[in-house]
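For reference, the structure is listed below as structure tokens.
The values are calculated or read from the model by the stated rules, or taken from the named source; none is laboratory data. Not measured: the values here are computed from a predicted model. Reconstructed Cβ throughout: ideal geometry from the backbone, glycine too, with neighbour counts over all protein chains shown. Each accessible area value is taken on the protein alone, full model and side chains, heavy atoms only, with ligands, DNA and RNA left out. Shrake-Rupley method; radii C 1.70, N 1.55, O 1.52, S 1.80 Å.
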Amino acid sequence: MMNNKGNTTREASSFAFAEAQKHIPGGVNSPVRSYKNVDATPPFIASASGSKVTDIDGNEYIDYVATWGPAILGHAHPEVVKAISDAAANGASFGAPTLIETEMAQQIKKMVPSIDLVRMVNSGTEATMSALRLARGYTDRELVIKFEGCYHGHHDSFLIKAGSGALTFGTPDSPGVVKGIGQSTLNAQYNDIETVKQLFEKYSDNIAAVILEPITGNMGVIKPSKEFIQGVRNLCTQYGAVLIFDEVMTGFRVSKGSAQGLLGVTPDLTTFGKIIGGGLPVGAFGGKKEIMEKLAPVGPVYQAGTLSGNPLAMAAGLTTLRILDETEGFYEKIEEKSARLEKGLQDALNETGIPGVINRVGSMFTLFFSNDEAVSSFADVSNCNMAHFNKYFMSALNNGIYLAPSQYEAGFVSIAHSNEDIDQTIDVARKGLKAL
Ligand code: KE4
């Protein structure tokens, strides 16, 4: 609730955070939730419904974190809630094959034609880690090229100049990552095909895979140039490296066919997460039959998981994907909402004269506090005015708008966001920009 200064009070969250820090490192189960880089107390969320989240102080916020992407239908969608509760009534997990796992695989294949076979796991990290091992097993090569600022989860091979929380906390090379593993990871620059060419010319047939976010979200939203994304595809084909699109965030977010459907570039393997779990812990990796069949129990590359494909996560994820696939005009409608938000934010930037760039693809967006004309590289993001971001973020939070607490993240619009939500967001944004 608002105090007499027109700010939300978060007293209960402050107490809860102090208590949580006695029992959980940093009081959180994932670092970005700690608000450490914005030096504030994170609201402890009590519930969520549609486009809103409510904290334990009773403050309601219009939500653009969307639990970091999954909540494209909005929170507590009735059909998803029912699917989870119906599944739970039959038992949470069996550790045995179930019909719904096949239905889930069929649904993913229907929406993403590059997938011949797909394996379910329990997180995006597990998906990318497994996809990399598979690519190494398939090619009998070791090196992987990733891109500075891209984040693929916290697997050792990827915590080298990673994005998202690793960037936010300035720990691009996390302690504990075994030197040898780090040496098998090469970093190129996003949207700079020359840096990729140079690595292939130098390491040629030692490169097992190239992994990238086909549209980034973990250094904020950055679109690939056609020359870059097609160039990466061509180099992988030329040198026999496996091209992995990490679509954990973009999968079913930016279009029904994911980023690969939008960009018209086909990877060899794709990783998924977030939306395909409908809010429950799920990841997946899939792609060409000849590669996927190297995976145990068919082939020699081992990968496993106690709760992989469990009935509750499949129920939540399959219900979500079917709604996305079968609702007439779903993506057109969410595009309209997202474009309305983008236009309003751009108008607010223009009116206040605050330097900023908005990058948006479908319902994922980032407002960069940048003096540049465009933000299309990790270097551009690194030049952003972080002091402006932090002040803007706090103003939004104190006025009921729930954003990701880092310039290196994406915001997400759901189908549940109303025009009133969006117009209120724009008003609050204008107020925050004016105060900079
Ligand atoms: P998880 O292991 O967190 O499910 O997924 C890792 C991952 C892999 N690939 C991409 C493209 C991702 O965006 C992610 C996770 N995204 C972050 C948010 N930028 C998760 C939030 C967090 O770390 O708490």
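Residues that are of a type outside the set (A, V, I, L, M, F, W, C), within 16 Å of the ligand (Cβ to nearest atom) and assigned to a loop (DSSP other than H, G, I, E, B) were ranked within the range 282-320; the one that is farthest from Met104 (Cα to Cα) is Gln303. The listed residues are Tyr302, Tyr331, and the only one of them that is surrounded by 16 or more Cβ atoms within 10 Å (Cβ to Cβ) and modelled with pLDDT of 95 or more turns out to be Tyr331. Among the residues of the range 391-412, how many are within 16 Å of the ligand (Cβ to nearest atom), within 20 Å of Ala71 (Cα to Cα) and of a type outside the set (Asp, Glu)? Going through the range 391-412 one residue at a time, the tally reaches 9.
When Ile193 is tested against the conditions (1) of a type in the set (A, V, I, L, M, F, W, C); (2) open to solvent by 20 Å² or more (accessible area, probe 1.4 Å); (3) modelled with pLDDT of 95 or more, the lone failure is (2).
Only one residue in Ala188, Ala87 is touching a Pro at 6+ places or on another chain (Cβ under 6 Å) and either more than 16 Å from the ligand (Cβ to nearest atom) or within 16 Å of Gly286 (Cβ to Cβ) (or both). Which one? On inspection, the qualifying residue turns out to be Ala87.
Per-residue answers, yes or no, for (1) among the aromatic types (Phe, Trp, Tyr); (2) crowded, with 20+ Cβ neighbours inside 10 Å; (3) modelled with pLDDT of 95 or more:
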position: Asn4; (1), (2), (3): no, no, no
position: Ser14; (1), (2), (3): no, no, yes
position: Gly27; (1), (2), (3): no, yes, yes
position: Ala40; (1), (2), (3): no, no, no
position: Pro43; (1), (2), (3): no, yes, yes
position: Ile56; (1), (2), (3): no, no, yes
position: Asn59; (1), (2), (3): no, yes, yes
position: Val65; (1), (2), (3): no, yes, yes
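Scan the range 245-279 for residues that are within 13 Å of the ligand (Cβ to nearest atom), at positive phi and either open to solvent by 10 Å² or more (accessible area, probe 1.4 Å) or free of Cβ contacts under 8 Å to residues at least 60 places away in the same chain (or both) and the total you get is 2. Of the residues making up the range 378-388, one or more are part of a helix (DSSP H, G or I), outside the structural domain of Lys161 (by TED's automatic domain parsing) and within 16 Å of the ligand (Cβ to nearest atom). Taking (1) under 23 Å from the mean Cα position of the chain (by Cα); (2) not in a strand (DSSP E or B) in turn, Glu328 satisfies each apart from (1). In the range 157-179, which residue that is open to solvent by less than 40 Å² (accessible area, probe 1.4 Å) and in a helix (DSSP H, G or I) is modelled with the lowest pLDDT? Ranking the candidates gives Thr168 first. Residue count for the range 264-311 under the criterion of being aromatic (Phe, Trp, Tyr) and more than 21 Å from Phe245 (Cβ to Cβ): the result is 1. Within the range 193-220, residues that are without any contact (Cβ under 8 Å) to a residue 60 or more places away in the chain sit with their Cβ atoms under 8 Å from residues that are of a type in the set (Phe, Trp, Tyr), at 6+ positions apart or across chains, in these pairs: Ile193/Phe228; Phe200/Tyr239; Ser204/Tyr239; Pro214/Phe245.
Provide a single number: the residues in the range 404-428 that are of a type in the set (A, V, I, L, M) and touching a strand residue (DSSP E or B) at 6+ places or on another chain (Cβ under 6 Å). Total satisfying the criteria: 3.
Only one of the numbered conditions (1) touching a Leu at 6+ places or on another chain (Cβ under 7 Å); (2) open to solvent by 10 Å² or more (accessible area, probe 1.4 Å); (3) part of a loop (DSSP other than H, G, I, E, B) is violated by Ile323, and that is (3). Of the residues in the range 196-212, how many are small (Gly, Ala, Ser) and modelled with pLDDT of 95 or more? Matching residues across the range 196-212 total 2. Inspection of the range 114-126 identifies at least one residue that is within 14 Å of the ligand (Cβ to nearest atom), assigned by TED's automatic domain parsing to the domain that holds Asn191 and among the small types (Gly, Ala, Ser). Scoring Ile291 on the criteria (1) more than 15 Å from the chain's Cα centre (by Cα); (2) within 30 Å of Gly356 (Cβ to Cβ); (3) surrounded by 16 or more Cβ atoms within 10 Å (Cβ to Cβ) leaves a single failure, condition (2).
Residue by residue, here is whether (1) free of Cβ contacts under 8 Å to residues at least 12 places away in the same chain; (2) buried (at least 18 other Cβ atoms within 10 Å of the Cβ); (3) closer than 22 Å to Asn187 by Cβ holds:
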position	(1), (2), (3)
Lys343	yes, no, no
Asp347	no, no, no
Glu351	no, no, no
Val357	no, yes, no
Gly362	no, yes, no
Phe369	no, yes, no
Ser377	no, yes, yes
Asp380	no, yes, yes
